[in-house]
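Notes follow once the structure below has been shown.
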Amino acid sequence: MDDRVVTSGGSGSGRPARQINVVLRTSEPYALTGSSPPQLESELPPAARPLTPGDPFLDIQRELDPMVGLENVKLLVYEIYALLQISRMRSDAGLSGGSHVYHMIFTGNPGTGKTTIARIVAKLFQKMGVLSKGHMIEVERADLVGEYIGHTAQKTRDLVRKALGGVLFVDEAYSLARGGEKDFGKEAIDTLVKAMEDYRNQFVLILAGYPLEIEQFLLTNPGLPSRFPIQIEFPDYSVDQLIQIAELMAKDRDYALMPQSLFKLRQHLMLEKTMSMFAFSNARYVRNVIEKAFRHQAVRLMNQYPSGSPGKQELMAVRPEDLKWEK
Ligand SMILES: Nc1ncnc2c1ncn2[C@@H]1O[C@H](COP(=O)(O)OP(=O)(O)OP(=O)(O)O)[C@@H](O)[C@H]1O
Ligand SMILES: [Mg+2]
């Protein structure tokens with residue numbers, strides 16, 4: 001069967017499903033959409049049309065808005081929502097609603113928000129009636145690949161079944177193609193591809209991984225790229241964005257980073273980002289630093305206040321000495 005899909009809403013031979021072909025890249029946003037030209041971050045709508053109370057997107061927006069940066073991602077999530085709304089209106093007007101394919105590829109370095117966004121996307125699909133449950137099953141190679149012939153297919157099928165009604169998120173997907181033809185990873189890929197046909201419209205598959213490795217992974221099987229019409233790149237965060245993320249994480253938990261602490265953190269992040277260019281884990285790194293700082297702050301306060309409680313300000317303040325990094 002020919003699995004290649006004609007771009008932009010064309011229905012490929014024998015495949016009634018429509019595909020939206022969107023490749024959002026920071027360097028070339030809107031590579032294939034042919035829609036409006038790239039806009040500056042501050043100009044991005046993402047919801048130009050006001051949302052009425054009770055609109056399913058309100059909840060999604062509430063989760064997306066506080067996320068630092070990720071403008072291309074926010075825009076794409078809005079596009080999916082808009083497409084679903086309009087499809088509904090089209091069906092009501094007697095037009096073809098079309099059945100779209102929503103399998104996606106998320107490329108980006110560690111800690112760039114892929115898992116967080118995948119959960120939000122799962123929720124959007126549930127709210128819009130595309131998926132019945134909207135849960136997410138997050139797996140990696142070890143969960144899918146078995147130890148003997150037939151084991152892998154069974155493990156993979158079991159996980160797909162668990163994901164029905166929701167999203168199956170395969171992290172470090174390229175590792176499935178790592179061992180070549182003889183590796184059981186290939187069996188996992190074949191089983192996933194088959195499940196995409198067997199359970200069409202019953203789950204959304206999101207593959208995630210580093211950009212270069214995902215590219216190589218897609219090259220291993222010519223049928224793969226067209227099955228994932230939505231590709232989103234998650235760029236590394238800038239130091240400014242990482243600082244904003246740190247502040248947000250602290251604020252969410254009723255802590256406050258003192259100005260000197262922010263300064264110290266900024267210096268450290270600048271260094272860390274250049275030193276570990278390929279291994280730097282972005283927001284995840286920041287989260288670890290912040291959580292460690294909370295523990296150090298707790299110990300410091302216990303020592304400073306052997307009896308009685310520190311005041312509210314003291315309980316909130318993360319001081320420079322609370323920020324420590326392993327060397
Ligand atoms: N833009 C952002 N704004 C605020 N917090 C963020 C942002 N991106 C990521 N985070 C936070 O950073 C942490 C790591 O994010 P997440 O797990 O989604 O990244 P990931 O790309 O899946 O990482 P990995 O590749 O390591 O699995 C989470 O606590 C998440 O809430
Ligand atoms: Mg993740």
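The values are calculated or read from the model by the stated rules, or taken from the named source; none is laboratory data. The structure presented is a predicted model; accordingly, all values stated were derived computationally and were not measured. With ideal geometry, Cβ positions are generated from the backbone for all residues, glycine too; neighbour counts draw on all protein chains shown.
Per the listing A293, A283, A279, the residue uniquely modelled with pLDDT of 95 or more, of a type in the set (G, A, S) and farther than 17 Å from G69 by Cα is A293. Could you tell me whether A195 is within 16 Å of ligand 2 (Cβ to nearest atom), surrounded by 16 or more Cβ atoms within 10 Å (Cβ to Cβ) and closer than 20 Å to V101 by Cβ? No; evaluated as a whole, the condition is false for this residue. The helices (runs of 4 or more DSSP H) located wholly in region 250-327 that include 2 or more residues which are within 16 Å of ligand 2 (Cβ to nearest atom) occupy 282-304.
Residue by residue, here is whether (1) outside any loop (DSSP other than H, G, I, E, B); (2) away from ligand 2 (no atom under 16 Å from the Cβ) holds:
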position	(1), (2)
I105	yes, no
G111	no, no
A118	yes, no
G129	no, yes
S132	no, yes
D143	yes, no
E147	no, yes
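Just so you know, in region 234-249 the residues that are out of contact with any helix residue (DSSP H, G or I) (no Cβ under 7 Å at 6 or more places or on another chain) and of a type outside the set (S, T, N, Q) include one that is nearest to A317 (Cα to Cα), and it is E247.
Could you check, for region 139-161, whether at least one of its residues is closer than 18 Å to P56 by Cβ and either within 15 Å of ligand 1 (Cβ to nearest atom) or assigned by TED's automatic domain parsing to the domain that holds L212 (or both)? Within region 139-161, not a single residue is closer than 18 Å to P56 by Cβ and either within 15 Å of ligand 1 (Cβ to nearest atom) or assigned by TED's automatic domain parsing to the domain that holds L212 (or both). Inspection of region 260-276 finds a residue satisfying the criterion of being more than 25 Å from D236 (Cβ to Cβ) and either at pLDDT 95 or above or of a type outside the set (F, W, Y) (or both). Checked against the criterion of being in a helix (DSSP H, G or I), within 30 Å of K273 (Cα to Cα), in contact with a helix residue (DSSP H, G or I) (Cβ under 8 Å, 6 or more places away or on another chain) and not assigned by TED's automatic domain parsing to the domain that holds Q244, the candidates V77, V68 yield just one match: V77.
The single residue among F278, F263 that is outside the structural domain of T116 (by TED's automatic domain parsing), closer than 23 Å to N72 by Cα and surrounded by fewer than 16 Cβ atoms within 10 Å (Cβ to Cβ) turns out to be F278. Based on this model, can you work out whether I232 counts as assigned to a strand (DSSP E or B) and in contact (Cβ under 8 Å) with a residue 24 or more places away in the chain? Criteria met by I232.
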